[in-house]
Structure formats: C-alpha cells, structure tokens
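Read through the structure below, which is laid out as structure tokens, and then see the notes.
Taken together, the values in this text are just the output of simple stated rules run on the coordinates, not laboratory data. Model, not experiment: these values are computed from the prediction. No Cβ is skipped: glycine too gets one built from the backbone with ideal geometry, and neighbour counts run over all protein chains shown.
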Amino acid sequence: MDSQGTRPEFSVIKGSDLPLSGRALVELLRAVLSKGVPARFQAKGFSMSPFIKNKDVVTISPLQRNQPGLGEIIAFVHPETQGLCIHRIVRRKDGISVTKGDNLSETDECVPRENILGFVTRVERNGKEVLLGLGLERFLIAILARRGLLFPLLLPLWKAVRAYLRRAPR
C-alpha cells in the first residue's frame, strides 16, 4: 500500500513477465495512472541515491488535482529523451517544476506539468519501506540539492557511518 492506503493494481518488479523501460514504460505508467491507481516498478539508475537506489521498488501515485511542490519526488517524461525520469523538485518557477537527481551536480531542465506522471509515494529496499527522503526532511534535501550541497554533506557522513558499522560487533 502507498501512503494514501491505496493498493497498486499493477506492478512491474524484477522476475515478472513484463520487463519494460524507456517509452514503453512511460506509456504503461501513463495508462495505469490515468485510471487513478498507483503503479509499482523497480527503479533503475543511481541519480537519486541514496534515497532511491538502483533496484529499489518505487510506487508512483497519480497527480489527480495536486500540484507537486518543493522537495517532492516526481516521475516525469524527460523533455529531451522522452524517457521516464524520477527526480526531486528543487524549485518551482512560473508553474514549472525544476528537478534534480539527489546524486547529480546539475539540475534538469524545467519540467512542464503535462510531462509529470505522478508522485513517488513509497520506496522499498530489500522488502522494507524506506522512510527517509519522502517526509518533511524533503524540503531540506531539496534546498541542499539545489545549492549543490547535498552530496558533499552526505559523503563524509556516510563514510563515518560505514566505518562505525564495520567496527560494531555482529
């Protein structure tokens, strides 16, 4: 179930009989989300790491009448490649969303509302829900990402946590 308590009626996850990517996945998502139901699939790529990692399962919920806001993670059709992209909104400008991958140094192009397919409402990693990145902290993440500070702040923190975990008794 997603954060709104709705069970997805369609899922594409590893091991299923429906391996899709690119425009085919975009069209399928568009069709499913237009019915007002969420869709799940396995994310591919590293641009949203560490909040969404390669092979995490993401749930995309339809926009309905909601206008996506600062810090929200959206699924959209990339204006140039026409492929599916999942990035965080780091700024709103004249009704246009400016997005950025949390693990990227550059912002994407502006994304018009008609290119936005839906919101990321759930992330699962190894069968467990990932909570960090979708709550209130999303505002801080968006501001840090927009200014190019997110990754430089996270890297030393991550190294310290990894060093601690390696020393911790198991």
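With the convex hull built on the Cα atoms of the range 20-168, state its orientation-averaged projected area in nm². Display every interim value, and only then the final one.
Numbers: hull surface 36.8 nm².
So the mean shadow area of the Cα hull is 9.2 nm².
Antiparallel as a % of all DSSP beta bridges within the chain, to the nearest 5?
Numbers: 27 of 30 bridges.
Of those bridges, close to 90 percent are antiparallel.
Along Cα→Cβ, 7 Å out, is where each label goes; now give me the distance between the ones at Arg147 and Lys159 in nm to one decimal.
If labels sit at Arg147 and Lys159, their model points lie 2.2 nm apart.
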